[in-house]
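What follows is one structure encoded as structure tokens, with my remarks underneath.
The values are calculated or read from the model by the stated rules, or taken from the named source; none is laboratory data. Quantities reported herein were computed from a predicted structural model and do not represent experimental measurements. Because the Cβ atoms are built from the backbone with ideal geometry, glycine has one as well, and the counts that use them run over all protein chains shown.
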Amino acid sequence: MRFLYLLATLMLIVSIQPKLVAQDKTPSEILRLSQERHDPNANWESAKLHIHLQEPRPQTPSRYSILYLDNATGEFRLTRTVEEGVIERIITPTGEAKILLNGSDDFSEAIREKYRLNAGRNSGYKSFYQILNGLPMSLNKNVVEEIQRGEDGVFEEMEIYTIRVELIEQIISKYWVLHIAKEDYSLVGLKFDHHEDSNQEDELIHFGGEFTFEEVIIPRFRHWYHEDSKEYLGTDVIVKEIPQN
């Protein structure tokens, strides 16, 4: 009888061991596995991203941008068409920040104020587009202050890992919550946590589709909502890649 009891106990331990192992993954391990899923050859750090983006918002349904990002040199360009022409926000490989309107840096103060054309803001634009479009690879030691494991759950009918990230520099919020699919470690959701500001509602991004460049896989769609009210805030869509010269 004692033997049968020990055998039953051993079988129970063996049966639950995979679950214990899965639950024991650290947040850093989960993030690393997600990064490897999206960038199996670790190309992101030296990749060039040159894409057309549609970024409709309720107030600006026809917003359209061209993004150029060279991670190896640090060069950044964001191009948008406005009523007065084409605005380019630029950071050169040497770090110089420039803003051009129709190819010229000579434009009126009224135009500057209307579109907030301050070259000092270019670094913020670069950080936003580099980190959002580079997820999850862009969450590295230069960006992340602290990472913690959250509660596992379900997101859009998928079982997910949840990891909580505190950023060194705030981008929309200082605290992010990543939802990562247990099935294949793909990034499926992102929450901007505003728990330090009770007047601001948390935002939630639903990721969808895939866009592949230089063997790097990033989400093609980002749908933005307020988490509690479900208010739609906008969508980012990678329309197509621009061939490199």
Could you please give the count of residues in segment 21-38 that are touching a helix residue (DSSP H, G or I) at 6+ places or on another chain (Cβ under 9 Å) and under 29 Å from Ser65 (Cβ atoms)? 2
Enumeration of residues in segment 110-165 that are in contact with an Asp or Glu (Cβ under 9 Å, 6 or more places away or on another chain) and among the charged types (D, E, K, R): Lys114, Glu145, Glu146, Asp152, Glu159, Arg164
Based on this model, can you work out whether Thr60 counts as among the polar types (S, T, N, Q) and modelled with pLDDT of 95 or more? no
Residue hits (segment 165-187; under 23 Å from Glu231 (Cβ atoms), buried (at least 19 other Cβ atoms within 10 Å of the Cβ) and either β-branched (Val, Ile, Thr) or over 15 Å from the mean Cα position of the chain (by Cα) (or both)) are Val177
By residue number, the members of segment 170-189 that are closer than 17 Å to Ile160 by Cα and either aromatic (Phe, Trp, Tyr) or touching an Asp or Glu at 6+ places or on another chain (Cβ under 9 Å) (or both) are Trp176, Val177, His179, Ala181, Lys182, Glu183, Tyr185, Ser186, Val188, Gly189
Criterion: closer than 18 Å to Ile30 by Cα and assigned to a loop (DSSP other than H, G, I, E, B) - qualifying residue of Lys230, Lys191, Lys141: Lys141
Suppose the filter is in a strand (DSSP E or B), of a type in the set (Val, Ile, Thr), surrounded by 15 or more Cβ atoms within 10 Å (Cβ to Cβ) and free of Cβ contacts under 8 Å to residues at least 40 places away in the same chain; does Thr162 pass it? yes
What number of residues in segment 35-62 are closer than 18 Å to Asn122 by Cβ and part of a loop (DSSP other than H, G, I, E, B)? 1
Of everything in segment 194-215, what is surrounded by 17 or more Cβ atoms within 10 Å (Cβ to Cβ), out of contact with any Leu (no Cβ under 8 Å at 6 or more places or on another chain) and in a strand (DSSP E or B)? Give them in sequence order. His206, Phe211
Selection from segment 61-78 of residues that are surrounded by 16 or more Cβ atoms within 10 Å (Cβ to Cβ) and polar (S, T, N, Q): Ser65, Asn71
